[in-house]
Amino acid sequence: MKVFSNRLIIFTLFILSYPTVLPAQTDFNADRAYDDLLAQCDLGTREPNSIGAKAAIEFYVKILESLADEVFLQNFQLDDPYADRKLDLTNIIARFQPEKQERIILCAHWDTRPRAEYDKYYPNKPIIGANDGASGVAILLEIARQLKTTSTNPGIDIILFDGEDYGEPRDLQNYLLGSRYYVDHPYHPLAQQVILLDMVGDTDLLLKIDPVSYQSAPRVMEEIWAVGVEIGYDQFQLVPGTAMYDDHVPFIEKGIPAIDIIDFEYPGPDNRYWHTHDDTPDKCSPESLEAVGNTVLTWLYQQ
Ligand SMILES: [Zn+2]
């Protein structure tokens, strides 16, 4: 009888408090995320084998080691397809609740492009990659802080991939180096869903649907876009965008559902800051990082 009445009370409370159980907002701190975007850019360009890349790895590990249950550096070497040398590459893997079987991977690429093929003046110089590199990582570092204080039902693997942007234009096999390596050498238990963030810092943020992602995981995409709109971010628009070849593709090829949250209009349809030296922090905003970070985190807490 006592047990029954306790259950009854709990059930009643649950019903009464239901609307506040799903968080309308999280504590995602957009200014702190933007500071992490700036800090990465302050390290310099972060292409493979650069001084900036070494400093970036130290920067990520220092933050993630204080937050995650486990942090691993997945180091590997490849022959440089464009020079007579080895490329030193590193994926950074931060696991929360590593014992859980039900898992979600949140990922972004941390490397920046060694060239700027669409730049009018310096096409052969590496870019700083405020949006194309630093923005996705900045959101994931802040999500990691939130996961430290409030855990999710599924276990989370935050993975920062190296070598996404190494390939010369149209040389697709020399892109996605880190994610391709990871799917061949994954950490177990393996996640059942992958959420990739790339180019999510644009001040003029507009998130359309990547058809490759939609084909892989339509329900998850619709859910995340619906959550975004519901909590006040009209940057999420359920209309078709460009089909992306990004770090989600190696997962899809292995049969793991994966989506790419990306704004491939930087700042507009001409994409004129992309792969140029105009990809700088002043083209990105805390508000855009918040729209994506808060939405993804809210969705995660609903799982
Ligand atoms: Zn890129």
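Brief remarks follow.
- Criterion applied to 204, 198 was being surrounded by 22 or more Cβ atoms within 10 Å (Cβ to Cβ) and either in contact (Cβ under 8 Å) with a residue 40 or more places away in the chain or among the polar types (S, T, N, Q) (or both), and the one residue passing it is 198.
- Within region 58-109, tally of residues that are touching a helix residue (DSSP H, G or I) at 6+ places or on another chain (Cβ under 9 Å), farther than 30 Å from residue 303 by Cβ and not acidic (Asp, Glu): 6
- When restricted to residues that are of a type in the set (A, V, I, L, M) and within 15 Å of residue 143 (Cα to Cα), region 154-193 contains 4.
- Count of region 247-289 residues, restricted to those that are buried (at least 23 other Cβ atoms within 10 Å of the Cβ) and among the charged types (D, E, K, R), is 4.
- Scanning region 125-173 for residues that are closer than 25 Å to residue 80 by Cα and in contact with a Lys or Arg (Cβ under 6 Å, 6 or more places away or on another chain) yields 127, 165.
- Scanning region 106-142 for residues that are outside any strand (DSSP E or B), among the aliphatic types (A, V, I, L, M) and away from the ligand (no atom under 15 Å from the Cβ) gives 138, 139, 140, 141.
- Residue match in region 278-285 (condition: in contact with an Asp or Glu (Cβ under 6 Å, 6 or more places away or on another chain) and within 22 Å of residue 162 (Cβ to Cβ)): yes
Yes/no per residue for (1) within 16 Å of the ligand (Cβ to nearest atom); (2) within 28 Å of residue 103 (Cα to Cα):
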| position | (1), (2) |
| --- | --- |
| 237 | no, yes |
| 249 | yes, yes |
| 256 | no, yes |
| 261 | yes, yes |
| 264 | yes, yes |
| 271 | yes, no |
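- Test: residue 79 is surrounded by 14 or more Cβ atoms within 10 Å (Cβ to Cβ), of a type in the set (Asp, Glu) and either within 16 Å of the ligand (Cβ to nearest atom) or farther than 18 Å from residue 247 by Cβ (or both): no
- The set of residues in region 143-161 that are small (Gly, Ala, Ser) and either farther than 22 Å from residue 43 by Cβ or within 13 Å of the ligand (Cβ to nearest atom) (or both) comprises 151, 155.
- Residue 164 meets each of the listed conditions (1) more than 12 Å from the ligand (Cβ to nearest atom); (2) surrounded by 24 or more Cβ atoms within 10 Å (Cβ to Cβ) apart from (1).
- With respect to (1) under 14 Å from residue 288 (Cβ atoms); (2) within 16 Å of the ligand (Cβ to nearest atom); (3) in contact with a helix residue (DSSP H, G or I) (Cβ under 8 Å, 6 or more places away or on another chain); (4) not acidic (Asp, Glu), the lone exception for residue 180 is condition (1).
None of the figures in this text is laboratory data; all of them are computed from the coordinates on show. Owing to the predicted nature of the structure, the values given are computational and were not obtained by experimental measurement. Cβ sites come from the backbone with ideal geometry, for glycine too, and all protein chains shown count toward neighbours.
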